[in-house]
Amino acid sequence: MGLGVGHGCQNQGFSKKKVHKVSDKLFDEQVYLRTGRKLDLHAAEDVINIPAKYSSLFGNEGEKLSLTLKDIAKFVSYHLLRNEESGSVNLDKRGRFDHNKSTLVKNKLGQSPIIDELISEIIEQLGLERRQLWPDAKKAAICLTHDVDSLDGTSYLCLRKGWWYSKFLQNCCELRFAQAATWRSKIKRWKQLREDPIFAIDKWMEVEDKLGFRSTFFFFGLKHSLSREGRRYSYKDQKVRDATRRLCKSGWEIGLHGAYYRHLDLDYLKEQKQRLEDAAGNEITGVRQHFLRVRFPKSWDLYHRAGFKYSSNMGWSGGFNGFRAGTCFPNHPLHENGFCEIPFQLMDLPIIKNPETYFNLFLDYVTKVKSVGGCMVIDFHQEYFDESESPGVNKTYRMILDYLSGDKELWIKPLREVHNHFSSLLQG
Ligand SMILES: [Zn+2]
């Protein structure tokens, strides 16, 4: 009998006190996904030797550990369910779980799929054979996604120009001439514009279509274009209806970008879903919340009750990237209802100052995702296509697409198809 997980693990990683709801089923599911074998955890007396690499996860810095399979199952579920995020403590200014409070981040383990690597280690020690997960003998999957926070740059333009002038004047008065010059060139650029630099759906489609890729676009399902959500767009806008239908017709996927406010209101989620379905003329099965404003596990339950099949919120925003739950595999966090979370790892920024650095981060993640055979999800915003408005973003995305077009080991599909494939693997 090895060390029990609850013993000797008093650090921020995992302690019995903190566990609100932990089931063995998630671990069981993940092993089955990779091997096609069901483990009998209740009967399992197997003791697994945990390499020192994982020791800080268990609060035993630099030491080797031996744990029973049952204890490891609880530990893995604890991380995948994000148990440490439940409750109303450790929230940031937007009411989300604070990135810097994450155990994995604090232990410098947030930049790799550490839980997947641990599961691979266990599978190896148990002598189980891994099965081929992805179609066409591919090593890993990639999903390209786009949040559509803004759809056009022309609405309320006079008001916005007035705001830009006021910022220019304010910076001049405060002798901040560099910032003032930025505002002045923005005003000048927008005076000379012949076409809207923000509406870029067709341009995204064009660059992806050239390489035969399809992606997922997350649209809001808001009633009004101007509300406390900010200057967005209404589902009734003809531009929204045309764009979403064009995307669906050509093989792209539409998902709901859930509103920031009332993010835990079930009826409101249902309304947004219905509105977007009305606009797109298609069923919506996926969701990602604006600003990733979610609360695990409650959000998963609400999404399921609102009729969604999967969400892709398990990542970080605001310039933080990485493996929030230490995984790059889809999973059923609320096992009993079949709702699926597909984690994501990389999100853009309004300005990417160094595209090479960002691209190298992408490559690093691809290598790590391939090594465990998982699925990597990346998110680039619809409104950042124009290089003058969002320097570096388009360039970075094209570097990523160029790389993907040459890597034949990757299965590149919209989220919906990864979800369908994942479901069929578990049923099969
Ligand atoms: Zn958003």
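The values are calculated or read from the model by the stated rules, or taken from the named source; none is laboratory data. Owing to the predicted nature of the structure, the values given are computational and were not obtained by experimental measurement. Every residue, glycine as well, gets a Cβ built from its backbone with ideal geometry; the counts of neighbours run over all protein chains shown.
For this structure, a couple of remarks:
- The lone exception for residue 353 - which of (1) closer than 27 Å to residue 202 by Cβ; (2) among the charged types (D, E, K, R); (3) modelled with pLDDT of 95 or more; (4) not in a helix (DSSP H, G or I) it fails: (1)
- Number of positions in the stretch 29-48 that are modelled with pLDDT of 90 or more and either touching a strand residue (DSSP E or B) at 6+ places or on another chain (Cβ under 8 Å) or not in a loop (DSSP other than H, G, I, E, B) (or both): 7
- Residue match in the stretch 176-183 (condition: at positive phi, part of a loop (DSSP other than H, G, I, E, B), more than 16 Å from the ligand (Cβ to nearest atom) and out of contact with any Cys (no Cβ under 6 Å at 6 or more places or on another chain)): no
- The listed residue being surrounded by fewer than 20 Cβ atoms within 10 Å (Cβ to Cβ), hydroxyl-bearing (Ser, Thr, Tyr) and in a helix (DSSP H, G or I), out of 403, 358, 397: 403
- Contact map, the stretch 284-298: first residue within 16 Å of the ligand (Cβ to nearest atom), second residue of a type in the set (Lys, Arg) and in a loop (DSSP other than H, G, I, E, B), Cβ cut-off under 8 Å, separation 6 or more or different chains; pairs are 286/309; 291/94; 291/96; 292/96; 293/94; 293/96; 294/96.
- Residue 295 surrounded by fewer than 20 Cβ atoms within 10 Å (Cβ to Cβ) and either more than 28 Å from residue 353 (Cα to Cα) or modelled with pLDDT under 95 (or both): no
- Search result, residues across the stretch 95-143 that are within 16 Å of the ligand (Cβ to nearest atom) and either surrounded by fewer than 21 Cβ atoms within 10 Å (Cβ to Cβ) or among the aliphatic types (A, V, I, L, M) (or both): 95
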